[in-house]
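The values are calculated or read from the model by the stated rules, or taken from the named source; none is laboratory data. All values derive from a computational prediction rather than experimental measurement. Here the Cβ is made from the backbone with ideal geometry for all residues, glycine too, and neighbour counts use every protein chain on show. What goes into the accessible areas is simple: the full protein's heavy atoms, side chains included, and nothing from ligands, DNA or RNA. Shrake-Rupley method; radii C 1.70, N 1.55, O 1.52, S 1.80 Å.
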Amino acid sequence: MRSYRKELFFQIPTRRAFINITQEVEACLMESGIRDGLILINAMHITASVFINDDESGLHHDYDKWLEKLAPHEPVSQYRHNVGEDNADAHMKRQIMGREAVVAISDGKLDFGTWEQIFYGEFDGRRRKRVLVKIIGE
Amino acid sequence: MRSYRKELFFQIPTRRAFINITQEVEACLMESGIRDGLILINAMHITASVFINDDESGLHHDYDKWLEKLAPHEPVSQYRHNVGEDNADAHMKRQIMGREAVVAISDGKLDFGTWEQIFYGEFDGRRRKRVLVKIIGE
Amino acid sequence: MRSYRKELFFQIPTRRAFINITQEVEACLMESGIRDGLILINAMHITASVFINDDESGLHHDYDKWLEKLAPHEPVSQYRHNVGEDNADAHMKRQIMGREAVVAISDGKLDFGTWEQIFYGEFDGRRRKRVLVKIIGE
């Protein structure tokens, strides 16, 4: 069994954003030389997500509006977590969108359907954050 | 390390449905000959889910109603994604129910609790779609 | 490839609770002797979650209130699943919080960001329930 590990870094200037990281993950896979196995991609922060969906700006707008409806940022005072912080909603949004994606590696590639793309979902940005890429296989 | 890969196909005649795929996944495991490791089962489409829960028709009805409340299909025009499409809600429902399940394999079996069953969750059916089964182990 | 398997047991006296299980999972990892690979931690019950987030009591209060808003327990009669049962809401809450966490193991440790902690989320307690810890690697 071989393994590979890398951290990706993000500094998003806004509070929220969705960033397509598929190419960066593919570069990790290439670098690893692993041709068959599993790849785990996870946010190392608890107010951010890694998820797989469509790279379509209308959908990303819809996601943002929808997550704001399900877990509104304002009023900040509605959450007990917000003592010296204002990001309780980000902890909720991250649960809906998920912490991690696990993807099969077959023939040296991400074993994806036609439209699958990997995203970093930021819900409390404006500081440096990390995503872990871990690969095991052969 | 050994590995196994198979695609399962679904053509659901309705927009939404929950299909128990546990037996098909068990057949893959048997075919693989792998007795210890991990199995990944994931939707290859971004408007569908693979998840683990109860095979109880009342619950499935409750899930469908609940998902419609959290991410309504109508009015289609409320979503920016719906330009030439009408499935934005399916992209949301899939995030709540999840893309994938990762299950332990021990003694040649899915290492499950009493009531765990694997489901394909379709949120935008009426066309051919795929689920990936990937196993690594020994 | 080496593997390790253990069940953790919980008997939560209340219907709902969030329990930090990070130390128990770390003890499993230590016992396994595996230094590099992947660890899967999953609820073996379909009305419970394993998830990764912050160990902060205000946030846990917020989560509980938020999940009750998204999938209320009462009135029990609103759910068709509740024939001889009253836990349909628990099946929904578990979908939002997730069944499982997959974590990288690097240098013999959980490969975590600063604030990542593993929780058992109980949504239908007052009976004995299990979490599976499965590790594969070297």
How shielded is A:65-77 by partner chains, expressed as the average number of their Cβ atoms within 10 Å of its Cβ atoms?
2
Candidate cut points under trypsin sites (Lys or Arg not before Pro) in the stretch A:55-89, DSSP loop plus at most 13 other Cβ atoms within 10 Å of their own Cβ, are none
So how long is each side of the stretch A:81-121 along the principal axes, counting just the alpha-carbon atoms, biggest first, in Å?
49, 16, 12
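Quick check: net charge around A:Asp107, other residues with Cβ under 15 Å of its Cβ, Lys/Arg +1 and Asp/Glu -1?
Values: positive: A:Arg35, A:Lys109, B:Arg5, B:Lys6, B:Lys134; negative: A:Glu26, A:Asp36, A:Asp111, A:Glu138, B:Glu7.
So the environment of A:Asp107 carries a net charge of 0.
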Dipole of the protein assembly as shown [Lys/Arg +1, Asp/Glu -1 at C-beta], most positive-end residue of B:Ala17, C:Asn42, C:Trp66
C:Asn42
When the helix-only estimate is applied to the protein assembly as shown (DSSP H runs of n ≥ 4, each -39,500 (n - 2.57), divided by the residue count), what is the mean residue ellipticity at 222 nm, nearest 500 deg cm²/dmol?
-8000 deg cm²/dmol
Reachable aspartates and glutamates from C:Lys69, Cα under 15 Å, same-chain residues fewer than 8 places away excluded?
A:Glu68, A:Asp89, C:Asp89
Which whole number of Å³ per residue matches the convex hull of the alpha-carbon atoms in the stretch C:16-138?
102 Å³
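Provide the net charge surrounding B:Gly37, with neighbours chosen by a C-beta distance below 12 Å and charges set as Lys +1, Arg +1, Asp -1, Glu -1. Don't jump to the answer; show the numbers that get you there.
On the way: positive: B:Arg2, B:Arg35, B:Lys109, B:Lys134, C:Arg2, C:Arg5, C:Lys134; negative: B:Asp36, B:Asp107, B:Asp111, B:Glu138.
Local net charge: +3.
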Could you give the accessible area per residue of chain A, probe 1.4 Å, as a whole number in Å²?
38 Å²
Starting from 0 in steps of 5 Å, tell me what percent of the Cα-Cα pairs of the stretch C:15-61 lands in each bin.
5, 15, 24, 22, 18, 10, 5, 1
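How long are the three semi-axes of the equivalent ellipsoid of the protein assembly as shown, in whole Å, if each is the root of 5 times an eigenvalue of the C-alpha gyration tensor, listed from largest down?
Here the semi-axes work out to 28, 24, 24 Å.
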Can you list the residues, at least 5 places off or on another chain, whose amide H is less than 5 Å from the amide H of C:Asn53, using H built in the peptide plane?
C:Gln117, C:Phe119
Sticking with the crude label model, points 7 Å out along Cα→Cβ, report the distance from A:Ser77 to C:Glu7 in nm, one decimal please.
4.9 nm
Starting at the first residue of the stretch B:92-107, write each ³J(HN,Hα) from the Karplus equation 6.51 cos²θ - 1.76 cosθ + 1.60 with θ = phi - 60°, in whole Hz, x for Gly and Pro.
7, 4, 5, 5, 5, 7, x, 7, 8, 10, 10, 10, 6, 10, 9, 6
In the structure displayed, which of A:Lys129/C:Lys109; A:Lys93/C:Lys65; A:Lys93/B:Lys109 lie more than 23 Å apart, Cα to Cα?
A:Lys93/B:Lys109
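What quantity of accessible surface, computed with a 1.4 Å probe and excluding non-protein components, is buried in total between chains B and C, in Å² to the nearest 100? Let's see the in-between values first.
On the way: alone 7810 and 7810 Å², together 13040 Å².
Adding both sides of the contact gives about 2600 Å².
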In percent, how large is the relative contact order of chain C, given Cα pairs closer than 8 Å and 6 or more residues apart?
56 percent
On the accessible surface of chain C, probed at 1.4 Å, how many percent belong to carbon and sulfur atoms?
49 percent
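Can you sort B:Asp36, B:Asp107, B:Asp55 by solvent-accessible area, 1.4 Å probe, largest first?
If we order B:Asp36, B:Asp107, B:Asp55 from most to least accessible, we get B:Asp107, B:Asp55, B:Asp36.
Over the Cα atoms of the stretch A:56-125, what is the Rg over Rh ratio if Rh follows Kirkwood? Don't jump to the answer; show the numbers that get you there.
Numbers: Rg = 15.7 Å, Rh = 14.3 Å.
Using only Cα positions, Rg/Rh for the stretch A:56-125 is 1.10.
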